[in-house]
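Notes to accompany the following structure.
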Amino acid sequence: MEQKMFSLGNLARIWSGRAPGQLIIQMTDQCNARCPQCEMRVTNQYDRKTMSVDAMKRAIDAAAANGIQALSFTGGEPLLMLDEMAPLMKHAGSLGIPFIRSGTNGYVFKNPEAAGWEDRVKRIADMLADTPVRNFWISIDSVVPEVHEKMRGFPGLIKGIERAIPIFRERGLYPSANLGVNRNVGGTITWDIYPENFASEDAYLDSFYRGMRGSLQKFYAFVRDLGFTIANTCYPMSIDTPEMQQGLAAVYGATSLDRVIRFTRGERLMLFKALFETVPEYRGDLRIFSPRSSLLSLMRQYEDGAKAEGYGCRGGVDFFFVNSVDGNTYPCGYRGNESFGKFEDLDLAKIDRKASCTDCDWECFRDPSELVGPLLEGVHNPFALAARWMRDPEFFKLWREDLVYYKACEYFSGRRDMNLDKLAKFESGKAEITYVRQPVAA
Ligand code: SF4
Ligand code: SF4
């Protein structure tokens with residue numbers, strides 16, 4: 001059954017001042033990959049923790065009772081817990097949670113020539129297809145297979161993904177390609193660019209922008225050609241640079257000090273600009289999550305060096321993260337100083353509905369917050385929304401385009417193929433580089 005983003009239930013929630021809620025459960029921080037961009041890599045020795053099935057079930061029951069709409073099972077590596085996760089997905093679906101998600105680092109697809117590969121992949125695809133999982137992501141770090149496989153530590157991974165996608169599609173599962181943006185996306189092009197080799201910071205940033213732009217173009221073409229129909233981009237999650245330290249303390253280990261994932265403010269602006277320009281070029285070929293209205297807000301944030309006008313993140317308001325280490329709930333994976341205790345003990349009705357945080361770029365929370373922000377503002381203060389619309393038409397033009405595009409993408413259902421006829425009107429060819437900062441009136 002196709003779930004609608006704008007169902008009556010969700011409209012009622014928005015009317016009552018709440019965004020359709022989201023809960024991310026980190027089942028475990030066990031992982032078997034070697035990613036330099038993540039503290040949970042297998043080579044990092046520390047005491048790992050896995051949540052019990054009962055603890056996860058209690059959180060899911062509470063999520064359903066509170067009308068949470070989106071439930072993600074993450075890790076570590078989620079497929080290490082497939083035997084536990086599949087029944088939990090069914091349980092969540094039986095309670096009426098419509099948007100159930102998970103993913104993999106792809107280790108099950110490595111070495112596709114090995115004996116038993118096809119049987120193993122078919123068994124996994126069968127198990128997932130038998131759950132109500134709506135979106136299943138497969139991580140991709142680079143368009144150069146050897147680079148991606150070296151980063152993850154799994155040989156033969158890209159060939160295996162290419163062979164696995166038809167197996168999933170036969171079972172009605174259309175996986176999403178999940179790019180964690182890093183300097184190796186396009187191979188080693190952006191990795192090799194160092195500021196000290198340039199005459200000025202502007203010259204460096206221009207070169208960085210062009211490298212990242214070309215890398216992102218290659219990425220969308222690459223995953224399309226691999227057989228993906230949905231693509232998402234995870235914005236860089238290093239919060240440990242001096243530029244990003246704002247009292248955040250990650251409880252989610254998906255961050256790292258490695259240069260491959262650390263970006264300065266200037267680089268982030270160029271990165272978001274590159275993404276902003278590249279997304280429309282491929283909207284006719286793929287269902288691409290990244291909303292351009294949200295990217296505009298992020299560009300403004302990094303360009304202004306301050307909290308630019310935009311909609312605050314609903315982390316800790318409507319969106320929550322349950323951490324495998326202590327089983328407690330946090331506003332997100334990065335505000336580790338603010339434990340809410342167990343999710344089932346949390347009284348969501350008592351939470352302040354004001355969302356203002358912009359301290360990191362976590363797209364899982366930032367993108368939907370930006371999309372739902374105008375609706376919530378319109379319900380509760382239509383005059384404020386009208387005034388904002390008047391002084392910032394650029395944002396609202398993009399926001400409306402995003403909503404129209406999301407509809408054409410059938411809200412990214414990973415249980416059906418993309419409809420190329422619906423996407424055709426978004427064919428744009430190679431876009432001009434059009435981003436020009438529009439001053440936002442005070
Ligand atoms: S990014 Fe994912 S796959 Fe890589 S080490 Fe971290 S949890 Fe594991
Ligand atoms: S912007 Fe959202 S995800 Fe990031 S620190 Fe703030 S609440 Fe957390």
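The values are calculated or read from the model by the stated rules, or taken from the named source; none is laboratory data. Quick caveat, the model's predicted, so the values are computed rather than measured. In this analysis, Cβ positions are derived from the backbone assuming ideal geometry, glycine residues included, and neighbour counts consider all displayed protein chains. Heavy atoms of the whole protein, side chains included, go into the accessibility calculation; ligands, DNA and RNA do not. Shrake-Rupley method; radii C 1.70, N 1.55, O 1.52, S 1.80 Å.
Here are a few things to note about the model shown:
- Residue count for the range 19-41, restricted to those that are assigned to a loop (DSSP other than H, G, I, E, B), in contact with a Gly (Cβ under 9 Å, 6 or more places away or on another chain) and open to solvent by less than 60 Å² (accessible area, probe 1.4 Å): 13
- Residue match in the range 76-94 (condition: open to solvent by less than 10 Å² (accessible area, probe 1.4 Å), under 23 Å from Asp326 (Cβ atoms) and outside any helix (DSSP H, G or I)): yes
- Qualifying residues in the range 339-387 (those that are surrounded by fewer than 16 Cβ atoms within 10 Å (Cβ to Cβ) and in a loop (DSSP other than H, G, I, E, B)) - the one nearest to ligand 1 (Cβ to nearest atom): Ser339
- Per the conditions (1) open to solvent by less than 20 Å² (accessible area, probe 1.4 Å); (2) touching a Phe, Trp or Tyr at 6+ places or on another chain (Cβ under 9 Å); (3) more than 15 Å from Gly227 (Cβ to Cβ), the sole criterion not satisfied by Gly67 is (2).
- Within the range 302-329, restricting attention to residues that are outside any loop (DSSP other than H, G, I, E, B) and either out of contact with any Ser or Thr (no Cβ under 6 Å at 6 or more places or on another chain) or of a type in the set (Gly, Ala, Ser) (or both), the residue that is nearest to ligand 1 (Cβ to nearest atom) is Phe321.
- Residue match in the range 99-113 (condition: more than 25 Å from Pro132 (Cβ to Cβ), modelled with pLDDT of 95 or more and surrounded by 18 or more Cβ atoms within 10 Å (Cβ to Cβ)): yes
- Matching residues, the range 363-387, being among the aromatic types (Phe, Trp, Tyr) and either more than 16 Å from ligand 2 (Cβ to nearest atom) or over 23 Å from Gly67 (Cα atoms) (or both): Phe383
- Tallying residues that are without any contact (Cβ under 8 Å) to a residue 24 or more places away in the chain, of a type outside the set (Ser, Thr, Tyr) and within 17 Å of Asn182 (Cβ to Cβ) within the range 194-209 yields 0.
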